[in-house]
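Working notes, structure below.
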Amino acid sequence: MSWFFIDESITDGERRQGPFSLDEIREFVGEGKITSKTLVWRSGMSAWIPWEECEESKEPGLAELEASRDELIKNTVEALLREQANTRHYAGFFVRFFAFLIDNCILCLVGGVILLIMTLAGLMDAAAVEEALVNYIGDPSSAELLDKVIESPGLSTFFSIYGAIQAIYFVVFQAIFSATPGKMFWHIHIETAEGMPLGWLSSTARYLCSLLSQVTLLFYGIGYLIVLIDPKRRALHDWIARTFVVFDNRAKGAKKGKPEQEN
């Protein structure tokens, strides 16, 4: 944008000077060639006005500069905090193991209550089951003894009920809270690959995939042990279901200040 000014020092001839850029005008101000009373004009103005009345003549003051600096610092810190909050800190093998242990202790207590109820109702002969189990433990290679355990009165019914309760326990807690009570205790939760909480479908899929990890217990628990070597601390069912177990940001924020980076 071109600027012009009236050079009052010229007494004979054209006193209008220009065109100049705004930076050049400001240089003239600094040199004293243009004073606060010097008339200036640029395109868009309806008339010549003193320089002091131009918006461009008002340089930001110290207070404004400090306010801008403080605002910039504040925005930068908030951006860094948001980035840190969105960073995944993956839960490792041992914290997941102890969370799983708590969940299974809860399920065992529920299973004990079911056993008691079935025994009192005459649906199971606890003594016969115990005897069959003791005999099988004494000779685990015997298929006949294993069949006797399986065929113990009421045992298949118990396992059916227990299996249903276990499925409901994991699916419901994961779908509603993205964490079982054991995980809540250790301030960890499950996320999808997109960083979203689990829904009913993804929770059910993850539970079904976890059954495959349980099968690997026959092979030294390899489905769980891969958590130790995977950079994102995923078990076999996490790989298949595309989920991660991560620390809660708020809880970790109080301790550390939600997560090792990504689960």
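Nothing in this text is a laboratory measurement; each read-out follows from the coordinates by a stated rule. Here the structure is a predicted model, which means the values were calculated and not measured. Neighbour counts are summed over all protein chains in view; Cβ atoms, including those assigned to glycine, are modelled from backbone coordinates with ideal geometry.
Things to note:
- Residue-span extension gain [residue 68 to residue 21] - 0.36 nm each, minus C-alpha spacing: 14.3 nm
- Over all directions, the projected convex hull of the C-alpha atoms in the chain averages 25.0 nm² in area.
- Mean projection area, nm², convex hull over Cα of segment 3-57: 3.6
- 29 Å Cα cut-off, lysine pairs counted over the chain (separation 8 or more, or different chains): 16
- Structure-based [θ]222 nm, the chain - -39500 (n - 2.57) summed over DSSP H runs of at least 4, per residue, nearest 500: -17500 deg cm²/dmol
- Computed about the Cα centre, the dipole magnitude for segment 66-215 is approximately 400 debye when only Lys and Arg (+1) and Asp and Glu (-1) carry charge, each at its Cβ.
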